Amino acid sequence: LTSGTLAFGEVPYGNGRFADNQTTVLNQGGSSLVAGSFTFSNPVFSWSPLLPTPATTTIPPQEGLKLGIRYTPSTIGNQSGTLTYLADGILKTLNLTGSGGGPILRIETGSGTRALGNLAVGYPFYVPIAVQNDGTAAVSISRITHPGNGSLFLENPRRVLNPGQVDTLAFAVT
């Protein structure tokens, strides 16, 4: 390992999910190498418990020090950071990348405000709204609430949208 990138790929976001990966600091020289002062720039990257946490150590010629690194996404989407360390007093950098995967719900209501016209009291007015999962994991829709005055009820509330799936939900406004 001199420099480069250690990519974790997509890891599901949430519920403490993580991915472990490893790399090696290899001493390709003819004399011992002192490596230490390991620092992560982003807290989503940390030491994996699968390998010992490195301390300042001497690496003999043509041998290596294995590093176990854990990625725990803090959000959906791409994340990056670096692992920096000193090798014989020279600062080295390893780029770290990962992506938090999960559902991303998009709701299309059309353009602007939707005029409902005159509504008869006590009779619902049905409003169709398109919903799409733009994420990488399924999303379960159990209820949708409206912050304003009046009531908004989702007809047939239990739905699961798989990644890329689009559905039209009917809301009853009373």
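The figures follow:
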quantity: Tyr85 being within 13 Å of Gly100 (Cα to Cα) and either among the aromatic types (Phe, Trp, Tyr) or open to solvent by less than 40 Å² (accessible area, probe 1.4 Å) (or both); calculated: no
quantity: Pair list, Cβ under 6 Å, 6 or more apart: the stretch 18-29 residue hydroxyl-bearing (Ser, Thr, Tyr), other residue open to solvent by 50 Å² or more (accessible area, probe 1.4 Å) and not in a loop (DSSP other than H, G, I, E, B); calculated: Thr24/Lys66
quantity: Residue in the stretch 37-47 that is more than 15 Å from Thr82 (Cβ to Cβ) and without any contact (Cβ under 8 Å) to a residue 24 or more places away in the chain present; calculated: no
quantity: Which listed residue, of Thr75, Thr39, is closer than 30 Å to Gln165 by Cβ and either at pLDDT 95 or above or open to solvent by less than 80 Å² (accessible area, probe 1.4 Å) (or both); calculated: Thr75
quantity: Flag for Thr58 being in contact with a strand residue (DSSP E or B) (Cβ under 9 Å, 6 or more places away or on another chain), part of a strand (DSSP E or B) and open to solvent by 60 Å² or more (accessible area, probe 1.4 Å); calculated: yes
quantity: Condition check for Ile144: open to solvent by less than 70 Å² (accessible area, probe 1.4 Å), modelled with pLDDT under 90 and among the β-branched types (Val, Ile, Thr); calculated: yes
quantity: Top-ranked residue of the stretch 61-81 - restricted to ones that are part of a strand (DSSP E or B) and of a type in the set (Gly, Ala, Ser), ranked as farthest from the chain's Cα centre (by Cα); calculated: Gly64
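Here is a yes/no grid of residues against (1) under 22 Å from the mean Cα position of the chain (by Cα); (2) part of a strand (DSSP E or B); (3) not basic (Lys, Arg):
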residue: Gly9; (1), (2), (3): yes, yes, yes
residue: Gly14; (1), (2), (3): yes, no, yes
residue: Asp20; (1), (2), (3): yes, yes, yes
residue: Thr24; (1), (2), (3): no, yes, yes
residue: Gly30; (1), (2), (3): no, no, yes
residue: Phe38; (1), (2), (3): no, yes, yes
residue: Asn42; (1), (2), (3): yes, no, yes
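The values are calculated or read from the model by the stated rules, or taken from the named source; none is laboratory data. Source: prediction; values computed, not measured. With ideal geometry, Cβ positions are generated from the backbone for all residues, glycine too; neighbour counts draw on all protein chains shown. Ligands, DNA and RNA are excluded from the accessible area calculation, which covers all protein heavy atoms including side chains. Shrake-Rupley method; radii C 1.70, N 1.55, O 1.52, S 1.80 Å.
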